[in-house]
1. Roughly how many whole Å is it from the C-alpha centroid of the range 1-67 to that of the range 178-205?
2. Using a 1.4 Å probe and ignoring any ligands, DNA or RNA, find the accessible area of Glu132 and quote it in Å² to the nearest 10.
3. Only one of the values [x] 57, 49, 30; [y] 64, 50, 34; [z] 53, 48, 33 was calculated from this structure for Cα extents along the principal axes in Å; name its label.
4. May I ask you to list the GluC sites (Glu not before Pro) in the range 154-246 that are in a DSSP loop and have at most 16 other Cβ atoms within 10 Å of their Cβ?
5. Evaluate 2.2 N^0.38 Å with N set to the residue count of the range 123-205, then give the Cα radius of gyration divided by it.
6. If you add up the charges near Pro80, with Lys and Arg at +1 and Asp and Glu at -1, over every other residue whose beta carbon is less than 13 angstrom from its beta carbon, what do you get?
7. For the chain, find the longest principal axis of its Cα atoms and tell me its angle to the long axis of helix 4-21, 0 to 90°, nearest 10.
8. With r defined as the distance between the Cβ atoms of His35 and Glu237 and R0 fixed at 25 Å, what FRET efficiency is calculated, to the nearest 0.05?
Amino acid sequence: SVSTGEYVRSIEEQRARSRAELRGATSALAAVARHELPLGTALRFGGGAGADVPLPALPHAVEVASTAEGFLVDGEPSGPRSIALGRFTLRLSHQHAPAVVILDAQSPRLGEDVERRWFPVDPSLRVRATLEPDGARVSIGSTASGERAAERAGWLAFVIDGATCRLAALRLLEPGVDADHLEVYFRDATSGHESYGMGRYVAVERDGADAILDFNRAYNPACALSPFYNCPIPPRENVLAIPIRAGEMAPRLGQPPAHG
């Protein structure tokens with residue numbers, strides 16, 4: 001078993017990595033464009049005369065086409081993934097609303113005064129629950145597309161500070177999503193005040209028959225930092241009346257750097 005000190009240290013190390021990655025080439029701050037790619041269509045990204053989306057200093061283009069199962073990259077089947085092209089990264093995002101997000105390692109936003117912030121680690125907010133199976137097919141809202149198909153795998157009931165809470169664990173029914181990956185998209189009484197207004201996400205961990213929600217690992221969707229992403233919106237049944245002061249807070253968004 002892990003001691004409390006080791007647990008807190010692991011969370012703090014994860015946060016330090018997240019702070020460092022904020023300035024990296026694949027940070028949400030590096031995103032500079034989003035190109036929708038309706039099923040069956042294709043775009044060429046990069047250099048050369050045939051590029052639909054020119055990217056400077058690249059000698060050739062990469063063709064990305066969308067299919068119901070994923071993508072074709074220069075004719076080869078591919079799932080959602082990232083493709084490095086010089087200083088650029090193409091992020092292939094399916095979600096049954098396929099798109100390519102372009103990230104630029106020289107994006108001016110990487111120099112902006114932006115800070116990711118977290119609540120203090122509270123080991124009591126790593127809660128254990130039993131997953132009550134459901135299995136219903138549902139649709140959930142998303143920030144840059146129509147509704148997205150998901151399976152409500154089950155319900156998680158737990159108690160925080162004497163308050164009984166119940167949240168739906170969801171599995172997105174999309175290419176590239178692991179069949180075992182469950183997440184809870186939630187809002188709480190801190191949303192729009194201390195934490196990001198749209199809500200936060202937390203992965204469901206499994207420990208035998210039990211499920212664990214570690215709210216210290218609750219994180220913001222990429223939409224908290226960039227308009228170029230398509231992020232699930234927490235469903236109404238996942239709105240908690242109590243505050244969850246654990247995990248990621250709303251980012252601090254300062255001003256762009258002054259240029260003389």
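1. 21
2. So the heavy atoms of Glu132 present about 100 Å² to solvent.
3. Recomputing Cα extents along the principal axes in Å here picks out [y].
4. In loop regions of the range 154-246 (DSSP not H, G, I, E or B), the sparsely surrounded GluC sites (Glu not before Pro) are Glu194.
5. Its radius of gyration relative to the 2.2 N^0.38 Å reference: 1.16.
6. Spelling it out: positives minus negatives among the neighbours equals -1.
7. Long axis of 4-21 versus the principal axis of the chain: about 20 degrees.
8. Once rounded, the FRET efficiency stands at 0.15.
The values are calculated or read from the model by the stated rules, or taken from the named source; none is laboratory data. All values reported here derive from a predicted model rather than from experimental measurement. In this analysis, Cβ positions are derived from the backbone assuming ideal geometry, glycine residues included, and neighbour counts consider all displayed protein chains. Surface areas here come from the heavy atoms of the whole protein model, side chains and all, with no ligands, DNA or RNA. Shrake-Rupley method; radii C 1.70, N 1.55, O 1.52, S 1.80 Å.
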